[in-house]
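Reading through the structure tokens given below for one structure.
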Amino acid sequence: MSEEDQDAPSAPTPSATASPISRELQLRIASGAAVAAVALLAVWAGPMPFAVLVFAVAAAMSWEWGRIVRQEGFDVPGVLHIASVGAAALLSGLGMAGLGVAAVAIGAIAVSALLFGGGQAKLSSLGVLYTGLPVVALVWLRSDASLGLLAVVFILLAVAATDIAAYATGRTVGGPKLAPSISPGKTWSGLAGGVIAAAVAGGLLGLLTQRGNPGWMAFLALLLAFIAQAGDLAESALKRSYGLKDASDLIPGHGGFMDRMDGIVAAATAAALIALMIDAYAPARALLHGS
């Protein structure tokens, strides 16, 4: 029994236990709303302001990755990691997404070479891809002049609907655990609730804006919801392998940026690949219309 348990009263009153939970929930809501407001403003402002924001978030995630994998934040591989992501964001914002992907690939190779022979080489190299590719994906989609804004909003909405509904359904319905050895709090009911909510949100966005194919958007949002949840589990597995609960404490009440962006990382990268396969010259339209 811990000292905290020994000092606690044997029968705490409801008011005594509710206050800390309430303060934590208020902190989560406030910090989450602030992050969402900044993100939406940057998305609306245009490709280059959005590229700046995406780079800032990716830089924080790059620091967190080094902190997890190498127990270092700003060592030489970490600085090179952040520089590679910055180059990718700049090139993509200037309309050169292909060179942005090249910058990420070169950065991953360089980081691996710096750590050659070390146990962290592969994971450190993977981290450059993990933070760099979604930067290129999101900025490339946003740079589509016709429907770039809506395409990015669609991805963010699908992931947000998944996360919120999965949490609410899992807490309300409960049931069998989805992956207890990786993320004990996730349930199959939460996964079902999340993907259904994403499909509904995607379809409604198409209906309300009349700028996409609602049926396709509902199906694609459902697919992205599955991918986002897989990304969430992968990030949880990485943290668990290092005995960590959160990537950092940069976002009050939420942990780190990796903890909040894991679903977006996977969904955005997948969305860009889907758009690339459909029409590389009009990726946002391809993403929203499926043709």
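Placing +1 on the Cβ of every Lys and Arg and -1 on the Cβ of every Asp and Glu, with no other charges, gives the chain a dipole of roughly 620 debye about its Cα centre. Over the chain, the fraction of Cα-Cα pairs per 10 Å bin, rounded to whole percents and listed from the shortest bin up, is 7, 26, 34, 23, 8, 3, 0. The smallest convex shape that holds all Cα atoms of the stretch 193-252, its convex hull, gives 109 Å³ per residue. At 25 °C and a viscosity of 0.890 mPa s, what translational diffusion coefficient does Stokes-Einstein give for the stretch 147-291, taking Rh as the Kirkwood radius over Cα pairs? Give it in µm²/s as a whole number. Calculated translational D: 158 µm²/s. Which entries of K122/K177; K177/K245; K186/K239 have Cα-Cα distances beyond 20 Å here? Exceeds cut-off: K122/K177. Between Y167, Y130, Y281, the Gaussian network model of the chain with springs among Cα atoms under 10 angstrom shows the greatest mean-square fluctuation at Y281.
When the chain is treated as a GNM with alpha-carbon contacts under 10 Å, the residue of G148, G256, G243 showing the greatest mean-square fluctuation is G243.
No lab work stands behind these numbers, since they all come straight from the coordinates. Remember, it's a predicted structure, so these values are computed and weren't measured experimentally. Backbone-built Cβ (ideal geometry, glycine too); neighbour counts: all protein chains shown.
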